Every structure is written in structure tokens, then in C-alpha cells.
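These notes are about the structure you will find just below.
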Amino acid sequence: MNASQLIVALDLRGKQDALTLVERLKPAGLKHVKVGMSLFYEAGIGLIEELKAQDLDVFVDLKLHDIPNTVERTVDVLIQGGASFLNVHCLGGFDMMQRASEQAQKSSDALGIPPVHVIGVTILTSHQPQALAVDLQTQVPLKDMVLHLAKQAHQAGLHGVVCSPEEASLLKTALGEDFLKVTPGIRPENYGKSDDQARILTPKQALTQGATHLVVGRPIYESPEPEVVFQSILASIAH
Ligand code: C5P
């Protein structure tokens, strides 16, 4: 496990707070950050450019879900802005996923950079199985739906999916080790609470299950000593 597989979610209220956290974590070995919707809408593409200029990988977590043409253009804009990871909803359809992945390859080639990773979001972990049956009127069990959408993402050329740590092992068996499994819901061993995450695993457990990238937010940014927590997570997965 290297430092770029540990992604720190910058879920802070403003650009300045996000940059201050980055400044504290960089000497501890920070390589990869995630910018979610609220920070992106507030700070814009300029923040992505700024983070990229600091030599960080930036996962732009906007969970794109629109018609193929719109998603394709957005993928290009985000890659021009410096994204190295981005994601789309698998429920946006096979054609949309395929066009997103093809555009990512084209935009990366045009910039002469390694291919930017496009990751699929299968079913949001906030959905309860019964909500799937009622809201989406589908009788397919949640696990089967996640697996089906991940297979579609794989076939459409996406590089991986966001999944819960428990789903990682199922997806590893079905789609192999190279298909990326990006997992939130990570809590360090001595953290003592799960916040609002329903299912949590420690960093080490998640990797054992087959996760290739870990996303960690609150345990790091809510700590009075974020660099200490960051370093101890890195140390816990170094071997
Ligand atoms: O603070 P915490 O470590 O729970 O942060 C997890 C991050 O992963 C947040 O940015 C959250 O939006 C994101 N995420 C998640 N569950 C998903 C998809 C994304 O927690 N299914």
C-alpha cells in the first residue's frame, strides 16, 4: 500500500480550511485528496488546479449522472482542470459510462498524462435494501444489483467502483484485483465511533477484503492532530 492509495476526504466548509488541512498533512506524506460536491460548488475548478499544482492526486467526487453527451463534456473539463480520479453513477447507463471512459482516455492522451481513472458509483450505501424495492420498484436483492452494476461498469471500460469495504471481496472475486475498489466507511482501530457510517472496517481489514483505495474523512480532519492520525493509518497498512 502506498500513500496515494489513502485518499483524504476534504469535507470541510471552505477552501481555506481545506488548504490548511492539506498544508498540515503534506509533510506527513499526503498524496491523494478527495473534493466532494459541497466544496467543489463553493470553490470551483480553481481549487482542483491549486491542489494539482501542489503535486497531489485529486479525486473529484461529483458522482456525475446525466445524458452521455453532457457527462462526456464534463469529464473533459474536470480532466483539463487537473482531476486524476472522477466518478459517474452506474445508473446513468452503459452508454454514458462508456462515453465517460473513452473521453477520459482521449483527454488524458491530449494532455500527455497517465489515463485518469473513472470510477462507478453502484448503489449509494445510504440506500436501505427495502428502499430499493419501494422507491425503484426492483425486486433484485441489493447485493446482486451492486454486482450487476459493477460488471456493467467493468464492461463499459471504467477503472473501478466505489463500494463498501464488505462488497470489496465479492467484487475482487468477480472482477479481479486490477479493477479498483475505492472504499469509504473506514475507521481506525482506536477511533471508538462510526459517525453515520452503517458498516465500517479498519484500514487493514478493508485492504484484506480487497479494497485498493481507502477514503477517510472525519477521523482525520476532525482530529486536533490530523497529521498524527494520517501517519498512524499509513503505518497500519504499510506491511
Ligand atoms: O468522514 P468519512 O470518513 O465518513 O468520509 C467518507 C467520505 O466518503 C465522504 O466524503 C463521503 O461523502 C464519501 N462516501 C461515503 N459513502 C459512499 C460514497 C461516498 O461515505 N457510499
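The values are calculated or read from the model by the stated rules, or taken from the named source; none is laboratory data. None of the values given here were measured: they were computed from a predicted structure. All Cβ positions, even for glycine, are placed from backbone atoms using ideal geometry, and neighbour counts span all protein chains on display.
Screening S108 with (1) under 23 Å from S4 (Cα atoms); (2) surrounded by 22 or more Cβ atoms within 10 Å (Cβ to Cβ); (3) modelled with pLDDT of 95 or more gives one miss only, at (2). Residue count for region 192-239 satisfying the condition of being within 22 Å of V58 (Cβ to Cβ), touching a Gly at 6+ places or on another chain (Cβ under 9 Å) and hydroxyl-bearing (S, T, Y): 1. A residue that is among the small types (G, A, S) and at positive phi can be found somewhere in region 190-208.
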